[in-house]
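What follows draws every value from the coordinates through simple rules; no lab data is involved. For clarity, every value in this text was computed on a predicted model and none was experimentally measured. Note that each Cβ is placed from the backbone with ideal geometry, even for glycine, and that neighbours are counted across all protein chains shown.
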Amino acid sequence: MSKTQYAQLSDHVEPDPINPDEIDRRALLGNWINSNPDTNSIARIKVFESNNKLQLQVFAVGPDGIIDWGTTTADVFAAGPASRAGAGFACTYDFGFAEARFQAMIMKGLLVLAQFHLFKDESKRAGYFLREYFAMTHDHF
Amino acid sequence: MTQLEFKQKSHLHPELIDANVNADKLVGRWINTNWETRGIAECTVGPDLNVTIVGVGEDGPITWPAVKATPFANLEEEAGQRTMALTATFDLGFMRADTHMRINKGVFVIVLFVTFLDGSGRANYLNREFFYRQA
């Protein structure tokens, strides 16, 4: 009898062991541009691999131009517990005065990015949430 | 006046200062719109923002330990609405589920990022499910 622990029936699977590094990340890799040209948040995201880790470089919109957030490592998530298809990622940027947590998923070819911003300074700013859409730039048309 | 630190324009949004983060619209019992789900059957958000999730099990419902959610203000209107979001992390020992929850057009949406911690060989994965308010 199976001893696999689960908290929802969809997790009651016993696939051939899947190493996180085996998750196919190709759908995530590329340059993603915000669908909203008037955004006050992230303009574009470069998603790439380095040392077999998924890396992000975020370029945000600042009052005086683009702000390069630098790179961070993201955890890759598949489409299901028995899937090897990468469907999204999660990561955190820690700026000291604030933290930005990302949860991203691919939907119909778009990258849907949920951002959670938490302030750690004394500014009394409330934590806030943003959800934006990004398209992968390409030269097919 | 103290200069606020920022990494994007929205960090300077004036409505963030002393914002009234009201979660009333999220409070209640929410039932999965898909009665054939093999995932989350229902979710209850209490006035204190304690969140309880009930998963679908083989032999009946599986109630996850309740956790306190963190509220987030929402600066953007979506479909003419501005509702806040919650995040909650459920640590079940063998797995962790990092979730966020929000309302879109009256539908309660849970997005789940599951990480297995038990070496079972299952892939970490994400899922999204939709819920209606129990009258």
Hits among lysines - C-alpha to C-alpha of B:K9 under 24 Å, sequence gap 8 or more where chains match | A:K46, A:K120, A:K124
Burial order of peptide ranges A:48-60, A:84-96 (average beta-carbon count within 10 Å, highest first) = A:84-96, A:48-60
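Treating the beta-carbon of each Lys and Arg as +1 and of each Asp and Glu as -1, no other charges, what is the dipole magnitude of chain A about its Cα centre, to the nearest 20 debye? List each step's numbers first, then the result.
Details: 13 positive and 17 negative charges, 46 e Å.
The dipole magnitude comes to about 220 debye.
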Would you mind calculating the relative contact order of chain A from Cα pairs under 8 angstrom and at least 6 residues apart, reporting the percent as a whole number?
-> 19
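Can you put A:S35, A:S123 in order of Cβ neighbours within 10 angstrom, beginning with the fewest?
Starting with the residue having the fewest Cβ neighbours, the order is A:S35, A:S123.
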A:D139 versus B:L49, label points 7 Å from Cα toward the beta carbon: distance in nm?
-> 4.8
Dipole magnitude of the protein assembly as shown about its Cα centre, charges +1 at Lys/Arg Cβ and -1 at Asp/Glu Cβ only, in debye to the nearest 20?
-> 320
Fraction of alpha-carbon pairs over 18 Å apart in region B:26-133 - percent = 49
In straight Cα distance, which lysines are under 25 Å from A:K53, not counting same-chain residues fewer than 8 positions off?
-> A:K108, B:K7
Which residue, B:R122, B:R96, B:R29, tops the fluctuation ranking in a GNM of chain B built on C-alpha contacts under 10 Å?
-> B:R122
Percent of C-alpha pairs per 10 Å bin, region A:52-137, short to long | 15, 45, 30, 9, 1
At A:N19 and A:L110, where each label point lies 7 Å from the Cα along Cα→Cβ, what is the point-to-point distance in nanometres?
-> 3.6
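Per residue of A:15-21, what is the mean number of Cβ atoms on other protein chains within 10 angstrom of that residue's Cβ?
Mean partner shielding for this stretch: 3.
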Karplus ³J(HN,Hα) for region A:28-34 (6.51 cos²θ - 1.76 cosθ + 1.60, θ = phi - 60°; Hz, whole; x = Gly/Pro) runs 8, 6, x, 9, 10, 10, 4
Return the average number of partner chain Cβ atoms within 10 angstrom of each residue Cβ along peptide B:10-20.
-> 5
Hits among lysines - C-alpha to C-alpha of B:K25 under 20 Å, sequence gap 8 or more where chains match | B:K68, B:K105
With +1 on each Lys and Arg Cβ and -1 on each Asp and Glu Cβ, how big is the dipole of region B:26-133 about its Cα centre, in debye rounded to the nearest 20?
-> 180
So what is the relative contact order of region B:26-133, in percent, for Cα pairs below 8 Å that sit 6 or more residues apart?
-> 21
Please turn the phi angles of region B:24-32 into ³J(HN,Hα) values with the Karplus equation 6.51 cos²θ - 1.76 cosθ + 1.60 (θ = phi - 60°), one per residue in order, whole Hz, x for glycine and proline.
-> 3, 5, 8, 6, x, 9, 10, 10, 4
What area, in nm² and to one decimal, does the C-alpha convex hull of the protein assembly as shown cast on average over all directions?
-> 16.6
In nm, the gap between the two label points placed 7 Å beyond Cα toward Cβ at B:R96 and B:D24 is 3.5
